[in-house]
Amino acid sequence: MILCQCKQVSEKEIATFLKNHPNAGFDDIKAGTKASTGCGRCAFALKTLINKTQKKQVLHLQLRLPFV
Ligand code: FES
């Protein structure tokens, strides 16, 4: 599904970018994918996707940590 209509960037492209750059922030993703560099209408959806994906990554890392 296309998240950014102006630059034709899909959710999958953003998820892949986040997978390869787990600490990337909003500006890093904008620079790396060109999403949200046009009208900016997709900025909220992009931030929501970043938060959702990074929360999943944190949960995944937490589950892999040994219980202390
Ligand atoms: S829809 Fe993403 S910048 Fe316009």
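Numerical summary
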item: Residue match in the stretch 30-47 (condition: part of a loop (DSSP other than H, G, I, E, B), among the aliphatic types (A, V, I, L, M) and more than 16 Å from the ligand (Cβ to nearest atom)); result: no
item: Given (1) within 11 Å of the chain's Cα centre (by Cα); (2) without any contact (Cβ under 8 Å) to a residue 24 or more places away in the chain; (3) loosely packed, with under 15 Cβ neighbours inside 10 Å, number of the condition PRO22 does not satisfy; result: (2)
item: Filtered residues of the stretch 29-59 (kept if farther than 10 Å from ILE14 by Cβ and among the β-branched types (Val, Ile, Thr)); result: THR37, THR48, VAL58
item: Qualifying residue in the stretch 57-66 (condition: touching a strand residue (DSSP E or B) at 6+ places or on another chain (Cβ under 7 Å) and surrounded by fewer than 17 Cβ atoms within 10 Å (Cβ to Cβ)); result: no
item: Subset of the stretch 25-53 (residues that are in contact with a Cys (Cβ under 7 Å, 6 or more places away or on another chain) and loosely packed, with under 12 Cβ neighbours inside 10 Å); result: CYS39
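Throughout, read-outs are computed from the coordinates displayed, never taken from laboratory work. Worth saying up front: this structure is predicted, and the values here are computed from it rather than measured. Don't worry about glycine lacking a Cβ; one is built from the backbone with ideal geometry, like all the others, and counts go over all protein chains shown.
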